Amino acid sequence: MIKIFALFTALLVGSVSSASERLVSIDGSLTEVVYALGAQKSLVARDDTSVHPKAVFRLPSVGYMRALSTEGVLSVKPTKVLLTDAAGPPNVINQLQLSNVEIVTIKSESSLTGVRSKIEQVGKALNKQEDTEKFLNDFDAKAKIFLDKRKTIGKAVEGKRALLFLGMQSNQLNAAGVRTKAQSVLNELGLVNAATHQAYMPISTEAMISLNPDVIIIATHGPIDKAQITKQFSFTPAFKNNRIVFKDSAELLSFGPRLPESLTSILEQLTASTSHSSTLAHQ
Amino acid sequence: MLISFRAWFYPLFALLSFSLFIASLGLGAMSIHPFDIFSSLMGLFGHLSDVKNADVVQFLILEVRLPRTVTAMLVGASLAASGVVMQGLFRNPLADPTLIGVSAGASFGAVSAIVLLSGFGAVLVSYLLPIGAFTGGMLATFLVYRVATRFGQTDTALLLLGGIAIGAVASAGIGTLSYFANDAELRDLTLWSMGSVSKTQWLNILLASPVLIISMAILFRYRSILNAMSMGEHVAYQMGHDVKRIKKILLILTALIVSVSVSISGIILFIGLVVPHLLRMLVGADHKHLLPLSMLAGAALLLVADIISRFVVAPAELPVGLVMSLIGSPFFILLLVQQKRASS
């Protein structure tokens with residue numbers, strides 16, 4: 001009897017509090033937008049790719065975005081789930097759509113305009129029109145700073161051959177090929193990918209040197225020995241001209257709201273005219 | 001005396017499986033009141049319950065937990081049965097369905113689907129993957145069988161070697177494909193190889209269950225012949241069994257069972273190897289009891305692993321194959337050590 005009473009109270013409370021949104025964000029960049037729009041209060045769970053800002057780690061994770069479980073997502077009792085078409089597996093997405101939870105699929109394009117549209121879509125899904133407009137103004141201003149920089153200091157590296165490496169664990173060079181998000185980053189920066197393979201692929205130091213990169217960008221996760229890694233690139237034009245940049249991979253490759261600043265800072269580092277020996281001396 | 005001791009295992013294991021079946025419906029990341037579970041099951045027969053949040057609960061029970069529970073039981077029972085058959089056929093307690101290359105072939109088929117067909121989109125791949133795994137598994141077994149068959153005689157030793165060789169070819173193929181795979185495909189591949197019963201839909205079950213159930217039923221009819229076979233092929237031949245034909249049928253059934261299981265649940269190792277072994281310790285080597293009891297135990301064991309997989313990292317989920325190996329292997333080692341102690 002008490003149990004039944006408890007059940008009904010729970011249901012009653014449940015229906016009262018259902019007025020407030022319970023949000024699950026499945027994609028690092030979407031989670032960042034949720035925070036940027038000040039909607040983090042309604043966030044009840046994240047996925048494994050949501051690692052920024054740090055506060056997001058307090059939320060339970062429903063797992064990796066391509067390996068979701070229907071019950072896992074439903075167990076946090078969401079009213080709305082934000083995801084991109086990278087989320088899966090397909091039948092779990094299918095099942096979630098069949099449940100009475102609102103599933104919002106955000107169209108995600110890897111470009112500055114794509115990020116802008118992402119912010120718009122999330123804002124719309126969260127009914128945060130004012131915050132969205134405010135944030136978009138901010139975003140547009142930052143994007144303009146970057147685009148202006150590209151026209152000025154960016155001219156120095158425009159059209160240069162670049163390589164973008166991912167991870168760099170145990171000195172393995174994982175070069176980004178065409179049709180990757182890294183390729184889109186290079187496009188935004190006005191750089192040409194020196195690698196022609198598809199996806200991310202390990203390449204040898206020898207092959208890397210033969211690709212003759214003028215610019216090297218290293219997307220990192222976690223702490224790494226920058227001097228040690230930089231040494232590997234000794235025989236490249238990029239090293240000679242001190243055009244080697246390290247950037248956090250979640251910041252750079254998730255195509256979230258931090259993209260304009262991230263791109264600007266890469267351009268600034270690439271065109272700063274310190275000689276290489278002095279940088280190494282600092283370290 | 002001994003017979004009555006064994007007879008107790010049937011109701012015991014049936015009861016265990018049934019309780020786990022109920023537990024599997026009742027337990028998960030979302031806590032659901034037993035009453036709601038019952039009313040959801042009633043909903044299966046057209047009686048919609050009037051509980052307020054019934055749609056979520058009913059959805060979870062009927063579309064998520066029930067299919068995964070049925071899958072776990074079917075796959076668990078099938079893999080255990082095929083393990084018993086392989087160990088009996090090869091007269092080796094270390095034999096398991098992977099020996100004849102079927103798992104490796106199925107993996108290769110699945111990986112091909114993931115990597116080569118990813119251009120067709122995730123939804124289509126989710127349908128093509130089971131087909132790829134099934135085809136790969138059957139093809140590998142067929143090749144192994146052809147390698148091992150000379151003048152109509154299938155040589156067991158050659159069968160083993162052929163299995164290893166085809167397995168090596170398949171792993172080389174998997175390696176090559178993974179080298180060219182992109183990050184998303186690699187991730188899918190890794191997850192698939194850890195096995196999961198949570199991705200199956202009713203359609204998969206509808207297609208797979210007749211094959212699995214009929215195959216198991218045929219294997220069941222061979223349970224006394226397996227006794228003869230495990231005494232040696234010559235003995236079985238002397239006893240008047242058509243060894244050639246029996247071998248062929250058992251191999252085909254095993255390949256069928258493993259290919260279908262792998263295609264709906266990915267790679268779940270361990271059950272085929274360990275369940276028959278455990279059961280042999282409990283009930284002895286008589287296949288008349290070993291086979292049916294292994295089926296029940298396999299179903300129960302995979303259910304346990306699946307239930308655990310839901311809680312360890314909730315609201316996320318661990319792949320059940322991983323859980324299986326993580327809890328199963330140390331347990332198995334413990335049993336082996338105890339057995340050694342008891343015999344010395």
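The values are calculated or read from the model by the stated rules, or taken from the named source; none is laboratory data. Here the structure is a predicted model, which is why all the values come from computation and not from measurement. A quick note on method: Cβ atoms are made from the backbone with ideal geometry, for glycine too, and the neighbour counts reach across all protein chains shown. These accessible areas exclude ligands, DNA and RNA; they are computed on the full protein's heavy atoms, side chains included. Shrake-Rupley method; radii C 1.70, N 1.55, O 1.52, S 1.80 Å.
Summary table below
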read-out	value
Restraint check, B:199/B:247; A:54/A:181; A:134/A:155, Cα-Cα greater than 25 Å	B:199/B:247; A:134/A:155
Shielding by partners, peptide A:89-98 (average Cβ within 10 angstrom, other chains)	5
Global geometry of the range B:262-344, whether rounded, prolate or oblate, following the gyration tensor of its Cα atoms and the 1.5 cut on a/c	oblate
Antiparallel content of DSSP bridges confined to the protein assembly as shown, in %, to 5	20
Kirkwood Rh and Cα Rg combined as Rg over Rh, evaluated for the range A:18-139	0.94
Accessible area per residue, Å², chain A with all protein chains present, probe 1.4 Å	46
Helix-derived mean residue ellipticity, 222 nm - over chain A, DSSP H n ≥ 4, -39500 (n - 2.57), to 500	-13000 deg cm²/dmol
Choice from B:201, B:58, B:238 with maximal GNM fluctuation in chain B (Cα, 10 Å cutoff)	B:238
Under 5 Å, built H, 5+ apart or other chain: amide partners of residue A:193	A:162
Given A:149/A:231; A:128/A:247; A:142/A:247, the pairs whose alpha carbons are separated by over 26 Å	A:149/A:231; A:128/A:247
Length-normalised contact order of chain B in % [C-alpha pairs under 8 Å, at least 6 apart]	28
Rounded to 10°, Cα long-axis angle of helix A:2-17 versus longest principal axis of chain A	50
Mean separation of Cα contacts under 8 Å, 6 or more apart, over the residue count of the range A:18-139: relative contact order %	24
Calculated on alpha-carbon atoms, Rg and Dmax of chain A in Å	22.0, 79
nm² value of the averaged projected area, convex hull over the Cα atoms of the protein assembly as shown	35.3
Choice from B:64, B:84, B:102 with maximal GNM fluctuation in chain B (Cα, 10 Å cutoff)	B:64
Label-point separation, residue A:40 to residue A:138 (7 Å along Cα→Cβ), nm	1.2
Chain pair B, A: total accessible area buried, heavy atoms, 1.4 Å probe, Å²	2700
Helical segments meeting 27 Å axial Cα length and Kyte-Doolittle -1.0 threshold in chain B (DSSP H)	B:66-90, B:122-148, B:156-180, B:202-221, B:243-265, B:287-311, B:320-343
Amide H within-cut-off set for residue A:199, under 5 Å, with H built and near neighbours excluded	A:177, A:178
Cα-projected label distance for residue B:242 with residue A:147, points at 7 Å along beta-carbon direction, nm	7.9
Prolate/oblate/rounded call for the range A:156-282, Cα gyration tensor, a/c under 1.5 rounded	rounded
Residue B:15-residue A:179 pseudo-label distance in nm [points 7 Å out on the Cα-to-Cβ vector]	5.9
The range A:156-282, relative contact order in percent, only Cα pairs under 8 angstrom and at least six apart counted	25
Gaussian network model of chain A, springs between alpha carbon atoms under 10 Å - residue of A:50, A:42, A:254 with greatest fluctuation	A:42
Fraction of accessible area attributable to carbon and sulfur, chain B (%, probe 1.4 Å)	72
Under 20 Å from the residue B:123 label point (7 Å along Cα→beta-carbon), backbone N, the range A:94-113	A:94-109
Rounded to 5, percent antiparallel among DSSP beta bridges of the range A:156-282	30
Structure-based [θ]222 nm, chain B - -39500 (n - 2.57) summed over DSSP H runs of at least 4, per residue, nearest 500	-25500 deg cm²/dmol
Prolate/oblate/rounded label for chain B (Cα gyration tensor, a/c 1.5)	oblate
10 Å Cβ neighbours from other chains, averaged over peptide B:181-191	4
Part-to-part distance (alpha-carbon centres) for the range A:182-198 and the range B:109-141, which is given in Å	31
